[in-house]
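Data block below; observations after.
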Amino acid sequence: MPLNGTKPRTRLTREESRAQTRATLIAVGRRHFLRYGLGGAVAEKIAEDAGYSRGALYSNFDGKEDLFVAVILEEQARHLNVFRSLLKEEPSGKKRLKKMRDAIADLMTDHDWIVLRAEFEVGALRSERIRQSFVEVHRQQLRDGSELVRDLLRSPEVTSKLKPDDFITVIINLAHGLAVTQRILGAELSQKSTRNLVQSLIDHLISSA
């Protein structure tokens, strides 16, 4: 043991080091994509700001577009964990629905997610490779979201006017489109008003006794 009594640092395994590198690149990439957009972000600058070489980025990702998709996937996973935790912690069907509704409204009016999602959509329109990733992510959103809605509907207190897949499709597209418009209009359509509209849309489609 060293004389100062501190334990020697454990050397990371190759897999741990790689995972740490990917996590750092994704975090820094996220900041760059939010600030410069997918088109304006530069892979080499992302690697530099993350403290790695250009080669390190390309050894972990196929390129800037691949890194961007990794950012989106991490966001999706984080959001899904939040929703699952909300449902797991609350036994009451009525309260679970309210928590889910409020969480969806929060997500759909979150600045960072609005920007990243909009960049993803634009990228999908311009790049076939990103379009394919968008399709895969969208399908996963439907699967995950439908699972959450079906979980809600297991309670006799909760009823829906739409099938779970259709409900998620409406929420993802209509609520996000409204949120993007709000960000563009600014004070003309407040964030609070947008959030209330998203909540009202959800209340119209799914309700509790």
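The values are calculated or read from the model by the stated rules, or taken from the named source; none is laboratory data. No experiment lies behind these values; they were computed from the predicted model shown. For neighbour counting, all protein chains shown are included, and Cβ atoms are generated from backbone atoms with ideal geometry for every residue, glycine included. Each accessible area value is taken on the protein alone, full model and side chains, heavy atoms only, with ligands, DNA and RNA left out. Shrake-Rupley method; radii C 1.70, N 1.55, O 1.52, S 1.80 Å.
Among the residues in segment 33-40, are any among the charged types (D, E, K, R), within 22 Å of A124 (Cα to Cα) and either in contact (Cβ under 8 Å) with a residue 40 or more places away in the chain or not in a helix (DSSP H, G or I) (or both)? Break it down into steps so the answer makes sense when it comes.
Narrowing segment 33-40 to residues among the charged types (D, E, K, R): 35.
Now restrict to residues that are within 22 Å of A124 (Cα to Cα): 35.
Checking the rest, the ones that are also either in contact (Cβ under 8 Å) with a residue 40 or more places away in the chain or not in a helix (DSSP H, G or I) (or both) come to none.
Looking for residues that are among the charged types (D, E, K, R), within 22 Å of A124 (Cα to Cα) and either in contact (Cβ under 8 Å) with a residue 40 or more places away in the chain or not in a helix (DSSP H, G or I) (or both), one finds none in segment 33-40, hence no.
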Residue within segment 83-93 that is outside any helix (DSSP H, G or I), surrounded by 17 or more Cβ atoms within 10 Å (Cβ to Cβ) and touching a helix residue (DSSP H, G or I) at 6+ places or on another chain (Cβ under 6 Å) present: no
Got a sec? Which of V115, V122 is closer than 28 Å to G39 by Cα and over 15 Å from the mean Cα position of the chain (by Cα)? V122
Looking only at segment 52-71, filter to residues that are in a loop (DSSP other than H, G, I, E, B) and at negative phi; which one of those is least open to solvent (accessible area, probe 1.4 Å)? F61
Among D151, D112, D106, D166, which is part of a helix (DSSP H, G or I), open to solvent by 30 Å² or more (accessible area, probe 1.4 Å) and without any contact (Cβ under 8 Å) to a residue 60 or more places away in the chain? D166
